[in-house]
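The values are calculated or read from the model by the stated rules, or taken from the named source; none is laboratory data. Computed from a prediction, not measured in an experiment: that's the story for all the values here. Cβ: placed from backbone, ideal geometry, glycine included. Neighbour counts: every protein chain shown.
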Amino acid sequence: MNHKQIAISCLFFLSSLPVFSQEKRQLNLDDAINLSINNSKLLKLNQAKIDEAMASVKAAEDNKLPNASVSGSYLRLGNANVDMKTANNNPGNGGGGSKTPEVSQALYGMLNLSMPLYTGGKIKYGIESAKYLAEAVKLDAEDDKDELIQNTIEAFANLYKANTAVMLMKENLQAAKQRVTDLTNLEKNGLLARNDLLKAELQASNVEQNLLDADNNLQFANLNMNLMLGFPNNTQLVLDTVGIEKRDEGDKVLNDYISEALQSRKDLKAISFRKKAAVNGVKSVNAEKYPGLQVSGGYIAADIPNLITITNAMNIGLGISYNVSSLWKLKSKVQQAEAKVKQVTLNEAMMNDNITLQVSKAYLSLMSSRKKIEVSELAMNQAKENYRIVKNKFDNSLATTTELLDADAAQLQATLGYTLTRADAYVAYNKLLQVSGILASSLKK
């Protein structure tokens, strides 16, 4: 088979493959955040944890309700000896006695009710502890939501940066190819050395290779965003970035953000609730020192054929219970509960320190990004002006091809750097809001 036949076969094979058209979809940042929240499996899992915690609260509250039990049995008796200790059946009373009844079966039923009146506070502290833990779980979910929002912002910014890189690379490649065309004409007319033309062709090849890498990064960023938002993998996202870089960052200083973080961080509030729950755990264990008091009542019915029938046997009374083993078992339980309080207290202190470090790091990163914007904007303007001057010199045979190519590469790098730096600064600002615990509330404004 010759080369022509192979080419025809490949074309026929490719034409027989199904064509998958990419769906284009407009996307702005607000839509991306809302979609990621609605599509997040983590947030759905957190909701299930909240439901579990609320059910635990209900279970703790149910301990205040009465306990009720019903039991009944039917018994078959074999050769039962029945001795009735009654006056009529006592031979010493002079009675002639009566025949002892034959008992072969028995049937009885019981209904018991009990209502706790006093448990030393164990039920009360159990309910409070369950409520505190439920609040902690809710705050954990809110903290995960803030992190999800920040991840969405970063993914959106990465897609924006990848799009920008591809766009600039395509523009530069088009300019590089046009330059090669122009220089080729000069070389043909003997006005340019062959070596200078090869340099221009090499730069065009390098730009084309960089474009392939940039396009690969764009496809990966697009796929990552589709997965976050629940879109089909082949959806091509067209970003609407109007206004995302015009947010008012205010004039807060580092101490302002640290103060807000210590007041607003969800994870810090969650550990505070866990500390309260642990303290109530100590109180609940100590409550075992005290006796329990409950009111009880019941109903009994029984039927033993040929012997006795009992109906309407109702009872009511007060009962007291005390776990004597608590005298020697309670100490270790109290120590365990108190140790848990110490652990949570230390975790709270460590979290305060970590929050200070996280906020400081995010703040310094934002300050650095702001400064980089100024520097990169100046560098971009300088690179553009430098390329204009070198291009003018080259057109007048006052600059070499190498100088022209270097100026063009510097211009591309500076323009790309300025665009990426602005996106990084936007992400850095939102990261500062996240670690300060105010990201979600700031987006609502």
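Can you find a residue that is modelled with pLDDT under 90 and basic (Lys, Arg) anywhere in region 155-166?
Here is the first cut: in region 155-166, the residues modelled with pLDDT under 90 are none.
No; the residues of region 155-166 include none that is modelled with pLDDT under 90 and basic (Lys, Arg).
In this structure, is residue 255 polar (S, T, N, Q), assigned to a helix (DSSP H, G or I) and in contact with a Ser or Thr (Cβ under 6 Å, 6 or more places away or on another chain)?
Values: polar (S, T, N, Q): yes; assigned to a helix (DSSP H, G or I): yes; in contact with a Ser or Thr (Cβ under 6 Å, 6 or more places away or on another chain): no.
Judged against the criteria, residue 255 is not a match.
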- Please state which one of 399, 407 is more than 37 Å from the chain's Cα centre (by Cα), surrounded by 12 or more Cβ atoms within 10 Å (Cβ to Cβ) and free of Cβ contacts under 8 Å to residues at least 12 places away in the same chain. 399
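Residue-by-condition table, conditions (1) within 20 Å of residue 180 (Cα to Cα); (2) assigned to a helix (DSSP H, G or I); (3) not aliphatic (A, V, I, L, M):
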position: 377; (1), (2), (3): no, yes, yes
position: 383; (1), (2), (3): no, yes, no
position: 386; (1), (2), (3): no, yes, yes
position: 393; (1), (2), (3): yes, yes, yes
position: 397; (1), (2), (3): yes, no, yes
position: 402; (1), (2), (3): yes, yes, yes
position: 405; (1), (2), (3): yes, yes, no
position: 412; (1), (2), (3): yes, yes, no
position: 422; (1), (2), (3): no, yes, yes
- Message: I'd like the full set of residues that are surrounded by fewer than 18 Cβ atoms within 10 Å (Cβ to Cβ) and outside any strand (DSSP E or B), limited to region 288-322.
- Response: 289, 290, 291, 305, 306, 307, 322
- Residues 21, 40, 9: which one is surrounded by 10 or more Cβ atoms within 10 Å (Cβ to Cβ) and at pLDDT below 90? 9
- Query: Mind checking whether some residue in region 153-174 is over 23 Å from residue 279 (Cα atoms), within 12 Å of the chain's Cα centre (by Cα) and of a type in the set (Val, Ile, Thr)?
  - Reply: no
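Kindly check whether there is at least one residue in region 234-242 that is among the aliphatic types (A, V, I, L, M), in a loop (DSSP other than H, G, I, E, B) and either modelled with pLDDT of 90 or more or within 29 Å of residue 146 (Cβ to Cβ) (or both). Spell out the reasoning first.
So in region 234-242, the residues among the aliphatic types (A, V, I, L, M) come out as 237-239, 242.
Within this subset, residues satisfying the condition of being in a loop (DSSP other than H, G, I, E, B) are 242.
The next check asks that each one be either modelled with pLDDT of 90 or more or within 29 Å of residue 146 (Cβ to Cβ) (or both); those that pass are 242.
Checked region 234-242: at least one residue is among the aliphatic types (A, V, I, L, M), in a loop (DSSP other than H, G, I, E, B) and either modelled with pLDDT of 90 or more or within 29 Å of residue 146 (Cβ to Cβ) (or both).
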- Output for Cβ contacts, cut-off 6 Å, separation at least six or different chains, first residue touching a residue at least 24 places away in the same chain (Cβ under 8 Å) in region 360-375, second of a type in the set (Val, Ile, Thr), reads 362/435; 372/421; 373/421
- Task: Inspect region 412-434 for any residue being surrounded by fewer than 16 Cβ atoms within 10 Å (Cβ to Cβ) and of a type in the set (A, V, I, L, M, F, W, C) and give the result as yes or no.
- Result: no
- For residue 175: the one exception among (1) crowded, with 17+ Cβ neighbours inside 10 Å; (2) assigned to a helix (DSSP H, G or I); (3) touching a residue at least 40 places away in the same chain (Cβ under 8 Å): (1)
- Pairs with Cβ under 7 Å, 6+ apart, first in region 311-340 and under 20 Å from residue 116 (Cβ atoms), second of a type in the set (Ser, Thr, Tyr) and surrounded by 11 or more Cβ atoms within 10 Å (Cβ to Cβ): 317/296; 319/296
- Query: Taking region 178-225, which residues are among the charged types (D, E, K, R) and either under 30 Å from residue 160 (Cβ atoms) or touching a residue at least 40 places away in the same chain (Cβ under 8 Å) (or both)?
  - Reply: 179, 196, 199, 208, 213, 215
- Task: Output the number of the condition that residue 95 fails; it satisfies all remaining conditions of (1) at pLDDT below 70; (2) surrounded by 14 or more Cβ atoms within 10 Å (Cβ to Cβ).
- Result: (2)
- Message: The conditions are (1) over 30 Å from residue 430 (Cα atoms); (2) surrounded by fewer than 20 Cβ atoms within 10 Å (Cβ to Cβ), and residue 154 fails exactly one of them. Which is it?
- Response: (1)
- Query: Residue check, residue 442 against (1) in a helix (DSSP H, G or I); (2) closer than 21 Å to residue 34 by Cβ; (3) touching a residue at least 24 places away in the same chain (Cβ under 8 Å), all met but one. Which one?
  - Reply: (3)
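Go through region 252-294 and give me each residue that's free of Cβ contacts under 8 Å to residues at least 40 places away in the same chain and among the aliphatic types (A, V, I, L, M).
Filtering region 252-294 for residues free of Cβ contacts under 8 Å to residues at least 40 places away in the same chain gives 252-253, 255-256, 259.
253 - this is the single residue of region 252-294 that is free of Cβ contacts under 8 Å to residues at least 40 places away in the same chain and among the aliphatic types (A, V, I, L, M).
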